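Worksheet: the structure to be examined is printed underneath.
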Ligand code: 26Q
């Protein structure tokens, strides 16, 4: 930030109380003391916006553009106040008037701009880019109704539009517009800015593009709308149902719209700075967040050739030095390949460029598996990214190794130097300071402020491993957070929880590979044990939160099973003293901020090799939960940091799982036949009890799936999962040892700061 800007900011902060009073007077014609909470909220948004506007993002000769379909940004007001360094001051001012800043923060609506890990990662990166003072911008779309809002009815997931854009949102309309052409069809894109405050200093801008001609009234019942009315619908919903051709075409429209806006933004900034286009890579670095924005590659090439008179070979070389690609998944169904026919229909102007890129690959390499356009005329987005980027990265050590050895092996052999790992990270501002202020201030009291900017200094906590006072205080903070969560859940979900029980939490998108169904089978097992009189030492609370893609039937079925189990267990007087289950509605970032600090056992139980990294695992660890997990994604790195004593690992390893797929020798029914425990749990899904509370079609389909397919090998790991989970519950009773596990997890979490991740991206890829 410039000296001038920072001085302006300091002056504003110095007179903060006066600023707030003036704003209240101006907006509502009365002093702060007489404003309602909602009015105070609006005053705070205004003053925060003023503070943000005097801060200019870091200018630099070279800038990174982080292009992403999603930014799962979370509520902004409190986060901005913390990062701007005025939280305490504002809290004290409001306290004088008998108001609670935390309560006012609850009035903030969460922007609905993302769906899961990839989007949340992008937002943590914005925070770190701002904090580290790097020149960078996020580029995305301004989704009107975001993903969807989840509602439970008749123990099933229903979907509604998530209306979040209101007058108080931090979106700022700009005067920048771009024309985007789909063949001859023209639409106009308008840029909106969302300014993200870094901790203690800089800011980072997100550029969110919207369709000028968008028409919200197109949405009829729930989240249904005319998918062919592209001029009206393009920025309505993130990931609309793509089970038909219109849905697929709409995805490509959205992807090109994003890519074209990003390319035009980069070219506009090059022009404004009067930079030489031949030096594009010295001024612009593009990080492609999974394949969704991949069309930016042919689009940039097209612009250089058609508007800047470059030869195609020159343009290709330049763009390859600009772009880098991050892979977030090895699931085949998530790897985007589009029929050439669709691309031709949506963006015919890119077809010759994609063909030119493919031709060069064909000339250089014989291997048909590395082609961009395959024999069935399908375009492989990831292949285009790998050939025409200067860096390809995975998001955790194991994931990157799997990419190199299996999924992308042919490419690794061609370009060994391009491949690199960047283990994911999380911002400690949101995932410690904001969500767990008690723990944050205790750690500060104990360790000093060093870890605020250098997370690895959390390691100093290890000095207190045998200090009873410290261990007790950590446990006390956990207990406090559990009480708070129980109150919140009682109010929101109408389920009363016992804060003295163990809190076991699994929160993430609903997906078979993440194996919420395995957790459900454990819960059934426990339920049956308790019914038979085998009660646990301490009651257990199982908490879930997850949205399922509307077209993903089995994921809906798993949600249904969990809601049915919730009904049965919580209403069974013989059982509910010993265990409870709650699936919270509409799990989102704001909910995560309440759940994570209250967790004892963090469920990270994906089938090994399938979870690229996971980032929830890191958030739980930082907040003193102990991981129960497979050797998958970043769990592997957590394991090696905390050691065997401080994590619960189970299940087949990635290489064994990969061998099962290769040999096609996993037969779930054999596991069912050979184990009474498994049989009993699986059969309960369609027992009279479940059928009474649930939908026969869904429950039967789910049980059949487990018996006849079980693609993600739930039954393979179930028995070991039960054994290890039971051990974790027993160990929880050795209270001192458990508190030590909490302490070690917190102490070792520093490595997972997204500041570290961003420094690594910058050092190895962007070189800003
Ligand atoms: C693909 C084709 C068509 C429609 C949608 C998609 C699609 C949409 C979203 C494919 C993938 C996603 C999202 C992926 C995602 O969130 N991946 C997660 O990324 C995190 C950050 O790296 C990792 O920690 C998680 O392990 C990974 O699952």
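Ranking 158, 271 by Cβ neighbours within 10 Å, fewest first, what do you get?
By the 10 Å Cβ count, ascending, the order reads 271, 158.
Kindly identify the range 717-763 as rounded, prolate or oblate by the Cα gyration tensor criterion: order the square roots of the eigenvalues as a ≥ b ≥ c, call it rounded if a/c is under 1.5, otherwise compare a/b with b/c, prolate if a/b is larger, else oblate.
Since a/c reaches 1.5 but b/c is at least a/b, the shape of the range 717-763 is classed as oblate.
Rounded to whole Å and sorted largest first, list the principal axis extents of the Cα atoms in the range 124-200.
Computed over the Cα atoms, the extents are 49, 46, 24 Å.
Pop the C-beta distance of residue 226 and residue 483 into the FRET formula with R0 = 35 Å and round what comes out to the nearest 0.05.
0.15
Please find the FRET efficiency linking residue 736 to residue 696, where r is the Cβ-Cβ separation and R0 is fixed at 60 Å, and quote it to the nearest 0.05.
0.75
Step by step: find N for the range 437-746, compute 2.2 N^0.38 Å, then divide the Cα radius of gyration by it. What's the final number?
The reported ratio for this selection is 0.99.
If each residue of separation counts as 0.36 nm, what is the full-extension length gain between residue 377 and residue 445 once their alpha-carbon separation is subtracted?
In short, 18.3 nm is gained.
Report relative contact order for the range 210-366 in percent, whole number only (criteria: Cα-Cα under 8 Å, sequence separation at least 6).
Reported relative contact order: 19 percent.
Give the Cα extents of the range 254-399 along the principal axes, in whole Å, largest first.
43, 35, 31
How would the range 480-532 be classified by its alpha-carbon gyration tensor: rounded, prolate or oblate, with rounded meaning a/c under 1.5 and the a/b versus b/c comparison settling the rest?
oblate
Could you state the number of Å between the C-alpha centres of the range 673-707 and the range 241-275?
45
On the first, second and third principal axes, largest extent first, how far apart are the outermost C-alpha atoms of the range 1-269 in Å?
Cα spread of the range 1-269 along its principal axes, largest to smallest: 59, 54, 32 Å.
With r defined as the distance between the Cβ atoms of residue 109 and residue 763 and R0 fixed at 30 Å, what FRET efficiency is calculated, to the nearest 0.05?
0.20
Quote to one decimal, in nm, the extra length available between residue 59 and residue 185 on full extension: 0.36 nm per residue of separation minus the C-alpha distance between them.
41.8 nm
Sorting 214, 43 on the 10 Å Cβ count, fewest up front, what's the list?
Fewest to most other Cβ atoms nearby, the residues stand as 214, 43.
Can you tell me how much longer the chain between residue 577 and residue 97 gets when fully stretched, taken as 0.36 nm per residue apart minus their C-alpha distance, in nm with one decimal?
Stretched fully, the residue 577-residue 97 segment lengthens by 168.6 nm.
List residues of the range 526-541, by number, whose backbone nitrogen lies under 11 Å from a label position 7 Å along Cα→C-beta of residue 687.
Answer for the range 526-541: 526-532.
Just to be sure I understand: if I project the alpha-carbon convex hull of the range 604-665 onto a plane and average over all orientations, what area do I get in nm²?
4.0
Given the -39500 (n - 2.57) contribution per DSSP H run of 4+ residues, what per-residue ellipticity at 222 nm results for the chain, rounded to the nearest 500 deg cm²/dmol?
-14500 deg cm²/dmol
Give the share of C-alpha pairs in each 20 angstrom bin for the chain, from 0 to the last occupied bin, in whole percents, shortest bins first.
Reading upward from the zero bin: 16, 50, 31, 3.
For labels at residue 242 and residue 33 in the simple 7 Å Cα→Cβ model, what's the distance in nm?
5.8
I need to check one value: relative contact order of the chain, counting alpha carbon pairs closer than 8 Å and at least 6 residues apart, in percent.
12
Within a 10 angstrom radius of the beta carbon, how do 738, 143, 711 rank from fewest other beta carbons to most?
711, 738, 143
Between residue 493 and residue 415, what is the label-to-label distance in nm when each label sits 7 Å out along the Cα-to-Cβ direction?
4.4
What Kirkwood hydrodynamic radius do you get for the range 1-128 when you take the inverse of the mean 1/r over all pairs of distinct Cα atoms, in Å?
This gives a value of 16.1 Å.
What is the list of residues in the range 243-261 whose amide nitrogen lies under 20 Å from a point 7 angstrom out from the Cα of residue 176, following Cα to Cβ?
254-261
Coordinate-derived values only; no laboratory data. Quantities reported herein were computed from a predicted structural model and do not represent experimental measurements. When we count neighbours, we look across all protein chains shown, and the Cβ atoms used for this are built from the backbone with ideal geometry, even at glycine.
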